[in-house]
Amino acid sequence: MPASLSIVVITLNEAGNLPRTLASVRGMGEIVVVDSGSDDASVEIARDFGARVFIEQWKGFAAQKNSAIDHAGGDWILSLDADEELSPALRREIEALLASEPPFAAWRIPRLNHFLGVPLRHGGYWPDPKLRLFRRGAARFEDRPVHETMKTGEPVGQLTNPIIHRCYPAMEDYIDHMNRYSAAGAQILVEKGRADRSWAWLAWNAVLNPAATFLYNYIFRLGFLDGRAGLLQHLNHSVYVHWKFAKAWEAARRQSPATQSPKK
């Protein structure tokens with residue numbers, strides 16, 4: 001018998017993305033959706049696709065995704081974000097894999113990121129491999145404030161065909177993402193003691209580092225081959241780097257005794 005599959009997704013107001021995501025996996029196995037209080041049609045859409053839906057308070061990305069994994073009953077689990085979908089070729093590849101005897105307990109899948117509707121194939125955004133398919137019990141998400149990653153103690157295989165990631169259809173979406181993630185990244189720097197209130201630290205990390213990031217990704221990693229969308233993506237990613245270190249510098253400056261008013 002082919003191995004059974006559970007597809008797990010977390011949602012919060014994902015009505016614009018969810019139909020495309022769930023349509024790409026319809027019929028592959030059970031669908032598990034953990035929603036954290038959507039006030040749009042996300043829950044209704046998930047149920048229309050036959051998903052088992054759980055409403056849970058937000059616990060952070062990693063904890064929420066691990067909760068969805070815990071609800072899954074399949075032999076294998078495929079974890080997707082609500083703005084991701086399987087390419088038809090990837091769906092066929094996964095179905096063929098699970099119909100055989102998979103040689104690995106966990107698999108990385110390449111991810112094709114789209115920015116303003118344009119696929120990014122250069123500048124470090126491709127192939128962007130993500131561990132997303134695994135035998136139940138073989139992997140968990142590592143608890144981090146941002147950029148949560150899946151960890152496993154098993155050898156990992158590599159699939160060929162991509163997940164389609166329609167991450168930022170508009171500039172407004174990306175600017176909001178930059179603001180939230182730069183604040184979380186700054187918090188991590190402060191908590192790890194890697195933030196400094198000196199001007200030298202600020203100049204290096206908030207000025208030279210973003211400039212070097214743009215030069216490396218846009219020129220040396222050929223980001224310019226992705227056209228105008230590639231230019232905007234790499235410019236704004238450099239701004240994100242600037243914001244992260246500027247916010248960390250500001251937080252370190254607020255915490256420094258030298259900036260506090262003397263006691264009366």
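Quick rundown of the values:
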read-out: Test: His177 is within 26 Å of Gly117 (Cβ to Cβ), free of Cβ contacts under 8 Å to residues at least 60 places away in the same chain and not hydroxyl-bearing (Ser, Thr, Tyr); value: yes
read-out: Selection within the range 146-181 - among the hydroxyl-bearing types (Ser, Thr, Tyr) and under 14 Å from the mean Cα position of the chain (by Cα); value: Thr149, Tyr168, Tyr174, Tyr181
read-out: Matching residues in the range 143-164 - criterion: being surrounded by 14 or more Cβ atoms within 10 Å (Cβ to Cβ) and either within 15 Å of Arg92 (Cα to Cα) or assigned by TED's automatic domain parsing to the domain that holds Gly185 (or both); value: Leu159, Asn161, Pro162, Ile163, Ile164
read-out: Unmet requirement for Asp128, which otherwise passes all of (1) at positive phi; (2) out of contact with any strand residue (DSSP E or B) (no Cβ under 7 Å at 6 or more places or on another chain); value: (2)
read-out: Candidates Gly185, Gly223, filtered to the one that is small (Gly, Ala, Ser) and either within 24 Å of Gln255 (Cα to Cα) or loosely packed, with under 13 Cβ neighbours inside 10 Å (or both); value: Gly185
read-out: Residue, nearest to Val118 (Cα to Cα), within the range 195-223, restricted to residues that are in contact (Cβ under 8 Å) with a residue 40 or more places away in the chain and part of a helix (DSSP H, G or I); value: Gly223
read-out: In the range 40-60, the residues that are over 25 Å from Glu148 (Cα atoms) and either of a type outside the set (Phe, Trp, Tyr) or touching a residue at least 60 places away in the same chain (Cβ under 8 Å) (or both); value: Asp40, Ala41, Glu44, Ile45, Arg47, Asp48, Gly50
read-out: Test for Val43: is it at pLDDT 95 or above, part of a strand (DSSP E or B) and among the aliphatic types (A, V, I, L, M); value: no
read-out: Every residue from the range 184-197 that is small (Gly, Ala, Ser) and under 12 Å from Phe245 (Cβ atoms); value: Gly185, Ala186, Ala195
read-out: Single condition Met28 does not satisfy, out of (1) surrounded by fewer than 21 Cβ atoms within 10 Å (Cβ to Cβ); (2) under 16 Å from Leu133 (Cα atoms); (3) within 20 Å of the chain's Cα centre (by Cα); value: (3)
read-out: Failed criterion for His242 (all others in (1) under 30 Å from Ala23 (Cα atoms); (2) in a helix (DSSP H, G or I); (3) not aromatic (Phe, Trp, Tyr) hold); value: (1)
read-out: Arg121, sole failed condition from (1) among the basic types (Lys, Arg); (2) modelled with pLDDT of 95 or more; (3) assigned to a loop (DSSP other than H, G, I, E, B); (4) under 15 Å from the mean Cα position of the chain (by Cα); value: (4)
read-out: Looking only at the range 80-130, and only at residues there that are touching a Gly at 6+ places or on another chain (Cβ under 8 Å) and closer than 28 Å to Glu30 by Cα, the one that is surrounded by the fewest Cβ atoms within 10 Å (Cβ to Cβ); value: Pro103
read-out: Selection from the range 46-61 of residues that are modelled with pLDDT under 95 and crowded, with 17+ Cβ neighbours inside 10 Å; value: Phe61
read-out: Some residue of the range 108-118 being among the hydrophobic types (A, V, I, L, M, F, W, C), in contact (Cβ under 8 Å) with a residue 40 or more places away in the chain and farther than 21 Å from Asp173 by Cα; value: yes
read-out: Check on Arg135, modelled with pLDDT of 95 or more and in the same structural domain as Gly29 (by TED's automatic domain parsing); value: yes
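The values are calculated or read from the model by the stated rules, or taken from the named source; none is laboratory data. As the structure is a prediction and not an experimental result, all values here were calculated from the model. Counting neighbours? That spans all protein chains shown, and the Cβs are built from the backbone with ideal geometry, glycine included.
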